[in-house]
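The structure appears below as structure tokens.
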Amino acid sequence: ESLKRVRTRHFQSAKEAGEPFTGLTSYDMLTAQIFDEAGIDFLLVGDSAGNNVLGYDTTLPVTVDDLIPLTRAVAKAVKRAFVVADMPFGSYETGPQEALHTAVRFMKETGAHAVKLEGGRRSAKQIRRIVGAGIPVMAHIGFTPQSEHGLGGHIVQGRGESAEQILADAHAVQEAGAFAVVMEMVPADVAQRVTQELRIPTIGVGAGPHVDGQLLVWTDWAGFTTGRIPRFVKQYADLKGALSEAARTYKAEVQSGVFPAPEHSF
Ligand code: KIV
Ligand code: NA
């Protein structure tokens, strides 16, 4: 893995070469460094920080001011990975001007390399304006968590006849100038059709294997999430178990006098 920075054209050439690329979310410097050194191609500083860092039940309360310091930490930590700043709910919906204002804030204040916003046809004007200012945009269609209440819950999008809606959204964001499109919770056959029809690379989160790249929320992937784990998540580690065990052992060793030992003392 070369240390040359990942650029938007690398996602395009990966699609053309049929070489799947990989992304994770990250909200801090430590994980960003680890994922970057492991060769993860892009890091999304998602508004999923609402659930995974800030303690909210949904992404809706997350603000630009919440995400700016997290995005800055991630952007500063990486040497190779492409860093995407997620635009939170309430920072772009009123129109292209608001959207560009938010995107410019992320680019000026964080060092991110691109922004992401939710919505297909409904966000096309916003995408066009941001791209027109020279800022790469990653689009996000299918299940869009910021509209969870409008969609009626965490529901797979594009089943049956509504597959055409996903196709229309995908074409709309491509025509608006997005360099890539995330598809979240979309049937694998629909995601495959989108991937074949589009010029730009597709990124799946719960969209099956026939996409150009994969993305997972790092805390799900690392085994922090308990209870309702989405079907599309694969847990690659049990960090919750590891940290819980370490905390219990630490407490027990303090109580029993095992820690600190002479080698930990001055
Ligand atoms: O905020 C986030 O983590 C996301 C991905 C799940 C696509 O938007
Ligand atoms: Na998000």
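Before moving on, here are some points about what is shown:
- Filtering the range 133-158 to residues that are small (Gly, Ala, Ser) and farther than 18 Å from Thr59 by Cα leaves Ala133, Gly134, Gly158.
- Qualifying residue in the range 159-180 (condition: under 25 Å from Ala49 (Cα atoms), more than 16 Å from ligand 1 (Cβ to nearest atom) and of a type in the set (Gly, Ala, Ser)): no
- Each residue in the range 101-144 was checked for being in contact with a His (Cβ under 8 Å, 6 or more places away or on another chain) and either closer than 30 Å to Arg228 by Cα or without any contact (Cβ under 8 Å) to a residue 60 or more places away in the chain (or both), and 5 of them qualify.
- Restricting attention to the range 118-141 and to residues that are more than 18 Å from Val104 (Cβ to Cβ) and out of contact with any helix residue (DSSP H, G or I) (no Cβ under 6 Å at 6 or more places or on another chain), the residue that is nearest to ligand 1 (Cβ to nearest atom) turns out to be His140.
- Picking from residues in the range 154-163 that are among the aliphatic types (A, V, I, L, M) and not in a helix (DSSP H, G or I), the one that is surrounded by the fewest Cβ atoms within 10 Å (Cβ to Cβ) is Ile155.
- Checked against (1) farther than 25 Å from Glu148 by Cβ; (2) assigned to a helix (DSSP H, G or I); (3) among the aliphatic types (A, V, I, L, M), Ile40 meets all criteria but (2).
- For Thr195, the conditions (1) out of contact with any helix residue (DSSP H, G or I) (no Cβ under 7 Å at 6 or more places or on another chain); (2) at positive phi are fulfilled apart from (2).
- Entry remark, the range 164-204: residues being surrounded by fewer than 24 Cβ atoms within 10 Å (Cβ to Cβ), among the aliphatic types (A, V, I, L, M) and not in a helix (DSSP H, G or I) number 3 in total.
- The condition of being of a type outside the set (A, V, I, L, M, F, W, C), outside any strand (DSSP E or B) and under 16 Å from Leu67 (Cβ atoms) holds for only one of Gln97, Gln146, Gln126, that being Gln146.
- Look at (1) within 21 Å of Ser26 (Cα to Cα); (2) touching a Ser or Thr at 6+ places or on another chain (Cβ under 9 Å) and you find that Lys116 fails only one, number (2).
- Among the residues of the range 32-52, those identified as within 9 Å of ligand 1 (Cβ to nearest atom) and more than 19 Å from Thr102 (Cα to Cα) are Asn51, Asn52.
- Pairs where the first residue, in the range 235-256, is at pLDDT 95 or above and the second is assigned to a helix (DSSP H, G or I), C-beta under 8 Å, 6+ apart: Gln235/Asp220; Gln235/Trp221; Tyr236/Trp221; Ala237/Trp221
- In the range 31-49, the residues that are assigned by TED's automatic domain parsing to the domain that holds Lys79 form Cβ pairs under 7 Å with partners that are among the basic types (Lys, Arg) and within 16 Å of ligand 2 (Cβ to nearest atom), at six or more places apart or across chains, as follows: Leu44/Lys116.
The values are calculated or read from the model by the stated rules, or taken from the named source; none is laboratory data. Bear in mind the structure is a predicted one, so any value in this text is a computation, not a measurement. Methodologically, a virtual Cβ is constructed for each residue, glycine included, from the backbone with ideal geometry; neighbour enumeration extends over all protein chains shown.
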